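Below is one structure, written out as structure tokens, with a few remarks after it.
Only the coordinates and a few stated rules stand behind these numbers; no lab work does. Model, not experiment: these values are computed from the prediction. Reconstructed Cβ throughout: ideal geometry from the backbone, glycine too, with neighbour counts over all protein chains shown.
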Amino acid sequence: MSSGNNQRMQSLDVLRGMVMLLIIGLGSVLWNVGALHRGTEWGRELQQQMGHATWQGLHIYDLIFPLFVYLAGVALNFSLRKRLSRQQSYPGLLWHMWYRAAVLVVLGWVVNGALVWEPQHMRYASVLGLIGISGALSGSIALLLRRSTALLSAVIIILSGIAAAQYWGGELTPAGCVNARIDALLCPGRLHNVHYDPEGPLCILSATALNLLGYLSGRIFSNTLSTGKRILVLVVGGALLLGSGLCGPVIKNIWTPCFVLSAAGIGAILLGFFHLLCDVCPRRSWCTFLLIVGSNALFIYIVTNLVNLSAIAERLFAGTFRLMLPLEWMGTALSCAYLLLAWLLCFFLYRHRLFIKI
């Protein structure tokens, strides 16, 4: 890991901050708010959206992690351009990307649970591992192909191959999908679900395509388009991707190609709007709240998975909340306290200009 402050497009970190807030606690806050109003239609809908779809379907909560992968692809464009401008060699760039992937794989094992090194008890596939390996694969492809048309062709080939494997290599069910067969063959240890792992090998390939679509979106900011045209390309292109994705089976658990297209489409639309709000509009002081989290996104994800902030929040605030609030508000209040502690940790790092990278 390294620390330092790199100048970058603010909207990228602000949007990443919003996504990370949902991952580390805002989703729980919203779910609890929905629980307080479960007698209303909007309360039930909010609860549903803050949880994963059982199998097929698209909830807001299903998009959080894929959006992070998409934004990692956007950031990859700026990172590679910066390193290439410094005359860094291709072998050096590849070493950096795959070293980072290896570190994230190991950190993913730590986040999953104790390192007992017993295949039947450890889960080797992980969120961090998927981020690292898919980022290294997409970065390697980007260095090899360079041209946008070639990169887009690579995305089409990857998604077409996955579609063929999933649609003709098995049934689109938890036990019958081709992902389950591949995971049983290639993934040692236990799987996240009984039959398959949502961070397994085929899902990593899907995430690589999503990362490349983010990389291509990042290239829009590197050309000579005007701001208005740039936003228009992101929003219209995102709408086309989303429409294409919704034409087929959207299953987050096995990262179907339609799910990847839908996630990339929503990511592009959000990136366009956040670019307008954070980089173009003059009044953007509100961005700082999210920027604080987005600047150390991976770090706060790892910390909140290793440190029991929920227990700390309960120890600090539960007694006061019991005196001040009705019992049914306790879950929401404690979720807010947990989120506050996580944000304050990010604020401490931001205040001291510490940006921890892998």
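Some notes on this structure:
- Backbone HN-Hα couplings from phi across segment 227-242 [Karplus 6.51/-1.76/1.60, Hz, Gly and Pro as x]: 4, x, 5, 4, 5, 4, 4, 5, 6, 5, x, x, 5, 5, 5, 4
- Shown in residue order for segment 323-330 are the 3J(HN,Hα) couplings computed by the Karplus curve 6.51 cos²θ - 1.76 cosθ + 1.60 at θ = phi - 60°: 6, 9, 10, x, 4, 5, 8, 4 Hz (x for Gly and Pro).
- Taking 0.36 nm per residue of separation and subtracting the current Cα-Cα distance, fully stretching the chain between Cys281 and Ser89 would add 65.3 nm.
- Relative contact order of the chain, defined on C-alpha pairs under 8 angstrom at six or more residues apart (%): 27 percent
- Length gained when the stretch Trp42-Trp168 is fully extended (0.36 nm per residue, less Cα-Cα span): 41.5 nm
- Label point of Glu118 set 7 angstrom out along Cα-Cβ; within segment 178-203, amide nitrogens under 14 Å from it belong to 189-190.
- Result for the chain in a Gaussian network model with C-alpha springs under 10 Å: among Val111, Val178, Val236, the largest mean-square fluctuation is at Val236.
- Value of [θ]222 nm, deg cm²/dmol, for the chain, DSSP H segments ≥ 4, -39500 (n - 2.57) each, nearest 500: -22500 deg cm²/dmol
- Gaussian network model of the chain, springs between alpha carbon atoms under 10 Å - residue of Gly17, Gly228, Gly214 with greatest fluctuation: Gly228
- 3J(HN,Hα) along segment 169-181: x, x, 9, 7, 10, x, 8, x, 6, 5, 4, 4, 5 Hz, from the Karplus curve 6.51 cos²θ - 1.76 cosθ + 1.60 with θ = phi - 60°, whole Hz, x for Gly and Pro.
- Basic side chains Lys and Arg get +1 at the Cβ, acidic Asp and Glu get -1 at the Cβ, and with that the dipole of the chain about its Cα centre reaches some 1320 debye.
- Only the Cβ atoms of Lys and Arg (+1) and of Asp and Glu (-1) were treated as charged; on that basis the dipole of segment 76-168 about its Cα centre amounts to roughly 520 debye.
- With both labels modelled 7 Å from their Cα along Cα-to-Cβ, the Leu144 to Thr224 distance reads 3.2 nm.
- Backbone amide hydrogens, once placed in the peptide plane, bring Arg123 within less than 5 Å of Arg190, excluding anything fewer than 5 places away on its chain.
- Cα-based reach from Lys82 at 28 Å (exclusive), listing lysines while leaving out same-chain residues under 8 positions away: Lys229, Lys357
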